[in-house]
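For reference, the structure is listed below as structure tokens.
The values are calculated or read from the model by the stated rules, or taken from the named source; none is laboratory data. These numbers come from a predicted model, not from an experiment. Neighbour counts are summed over all protein chains in view; Cβ atoms, including those assigned to glycine, are modelled from backbone coordinates with ideal geometry. The accessibility values were calculated without ligands, DNA or RNA, using every heavy atom of the protein model including side chains. Shrake-Rupley method; radii C 1.70, N 1.55, O 1.52, S 1.80 Å.
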Amino acid sequence: MRISPAEDFDDLSEQAFQLAERLLARRRQPVVVLPTGNTPAGFYAACVRRGSASRIGKASFVQLDEYLGIAADDRRSLSRWLDRVFLGPLGIERDRLIAFNSSAESPDREAARVERCVRETGIDLAILGLGPNGHLGFNEPGSAFDSVTRCVSLTPESILSNAVYWGGTSEVPARAFTLGLGTLATARATILLVCGAHKARILRRVIEEKPSPALPATCLRGLPNCTLIADRAALAEVPSSLLTA
Ligand code: PGA
């Protein structure tokens, strides 16, 4: 995993945009996995500023994760969030997003459908954030490195960190869809974005500890084309000898 330090959130967001553009340069119809959260928000803003002529503006997309069992038009659904901050402002039609149907009758069949779609299209670039417990998407601790797209139960830690969007922990859906770690490992390139002092300890563990499902993001260490872009605050506990720039 290559480490690319950023000064702050703005620098991280701009670096992510520039790297994504370079990685997608030679792909004719690129497919990009999209995360949600505070960390990628500046990256999406950078994409929107460049407009639909950018390479990412012309790509097709896959939703990284989604809550299970909420209405399609619920503002708190993660696909609605992507609509608001990225797809809508760039005028990207919904048919260019492979999204989970949150209210599907059979969640297991819905997860299998998305897995099939992704295996068919392939993934050119997966953009990911890091959860406070080391999760990627909703691949919570204990997720196998070869796991596929599936329904999962959220850990209390993830419920707590999402409570602010739902008006309390009891309101957060208990289950979610997520692309699997094995699914994400098929991406031709991966960018992990990590920002803020509150991620410093978990980031150091992701970089230093032996890869293990107990810390899902350590699966990225074995990938050939993965770049971590993290700001100084998030890198504060990482030995400077490991920083490349
Ligand atoms: P954040 O979320 O970007 O809002 O910190 C990351 C995550 O929990 O995956």
| query | Leaving out ligands, DNA and RNA, what percent of the accessible area of the chain is carbon and sulfur, probe 1.4 Å? | reply | 49
| So what is the relative contact order for the chain, in percent, with contacts set as C-alpha pairs under 8 Å and at least six apart? | 27
| said: Give me the extension gain from S212 to R22: residue separation times 0.36 nm, minus the current Cα-Cα distance, reported in nm with one decimal. | reply: 65.3 nm
| Top positive-direction residue, dipole computed over region 92-245 with Cβ charges, set A189, L136, L154 | A189
| task | Describe numerically, in nm with one decimal, the distance between label points set 7 Å from Cα along Cα→Cβ at D95 and at R232. | result | 4.9
| What is region 55-160's relative contact order, in percent, from Cα pairs under 8 angstrom and six or more apart in sequence? | 25
| task | Taking all protein chains together and a probe of 1.4 Å, list K58, K210 from the most accessible to the least accessible. | result | K210, K58
| Quick one: putting +1 on the C-beta of Lys and Arg, -1 on the C-beta of Asp and Glu, what dipole do you get for the chain around its Cα centre, in Debye to the nearest 20? | 660
| said: Given a Förster distance of 25 Å, report the FRET efficiency between S52 and R116 from their Cβ-Cβ distance, rounded to the nearest 0.05. | reply: 0.30
| task | Read phi for every residue in region 178-184 and hand back ³J(HN,Hα) as whole Hz from Karplus 6.51 cos²θ - 1.76 cosθ + 1.60, θ = phi - 60°, with x for Gly and Pro. | result | 8, 4, x, 5, x, 5, 5
| request: Calculate the length of the line joining the C-alpha centroid of region 179-231 to that of region 81-160, in whole Å. | output: 16
| said: Using +1 at the C-beta of Lys and Arg and -1 at the C-beta of Asp and Glu, which of G42, L68, L97 has the Cα lying farthest in the positive direction of the dipole of the chain? | reply: L97
| message | Counting heavy atoms of the protein chains only and a 1.4 Å probe, report the per residue accessible area for the chain as a whole number of Å². | response | 44
| field | Two-site FRET efficiency, S170 against D73, from Cβ-Cβ distance with R₀ of 25 Å, rounded to 0.05 | value | 0.70
| note | In deg cm²/dmol, rounded to the nearest 500, the helical mean residue ellipticity at 222 nm of the chain, built from -39500 (n - 2.57) for every DSSP H run of length 4 or more, is -8000 deg cm²/dmol
| request: Determine the percent antiparallel among the DSSP beta bridges restricted to region 121-245, to the nearest 5. | output: 40
